[in-house]
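See below for the structure under consideration.
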Amino acid sequence: MKKISLTVFAFLALALLGAGCAPSYGTPPATITNTPPVTITNTPSGIGVQVGGNMKAMQIINIQNFSFSPAELSVEAGTTVKWTNNDSAPHQISGTGFGSQSLSQEESYTFTFDQAGTFDYHCAIHPSMTGKVIVAPRTGGVNNQ
């Protein structure tokens, strides 16, 4: 009986020691490379996203209570504007040179204003809802590259 238990013990000990030396066949860890580095900045006037050395600006317009907030927005050329529908009713952005499909609640539409000018828009479903984006020429620091 002692010979069997010693043999079993020795076998188990060798098996355990060998298990620690066996190669692992699991999935290697993922490597995440952040090239170029991305920085997101949340400011009172909107969100800035910096990719490498280039800053890309994003401004937010909320659609709520059947109105655009802010109703008038001033930005620099190269800025992306994001409209988000916070109403339960659908809305559709319609402006000269830009426009969305019908946006259900919590859906968004983005458009990058590359040219200076004044851009009036409205909701195609509710024409009394109006807004304006005033785009100034690019002065540097914020770009869309």
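All of the numbers you see were taken from the coordinates with simple rules; none came from a lab. The structure displayed is predicted, hence computed values, not measured ones. Because the Cβ atoms are built from the backbone with ideal geometry, glycine has one as well, and the counts that use them run over all protein chains shown.
Residues being in a loop (DSSP other than H, G, I, E, B), polar (S, T, N, Q) and within 15 Å of Tyr121 (Cβ to Cβ) are entirely absent from segment 65-88. For beta carbons closer than 6 Å, sequence separation of 6+ or different chains, a first residue in segment 111-128 that is over 19 Å from Thr80 (Cα atoms) and a second that is of a type in the set (Ser, Thr, Tyr) and part of a strand (DSSP E or B), the qualifying pairs are Ala124/Ser94. Residues in segment 89-108 that are farther than 18 Å from Val135 by Cβ and part of a strand (DSSP E or B): His91, Leu103, Ser108. Considering only segment 103-115, state which residues are small (Gly, Ala, Ser) and surrounded by 13 or more Cβ atoms within 10 Å (Cβ to Cβ). Across segment 103-115, the qualifying residue is only Ser108. Taking segment 69-104 as the region of interest, how many residues are within 14 Å of Phe119 (Cα to Cα) and among the aromatic types (Phe, Trp, Tyr)? Residues meeting the conditions: 1.
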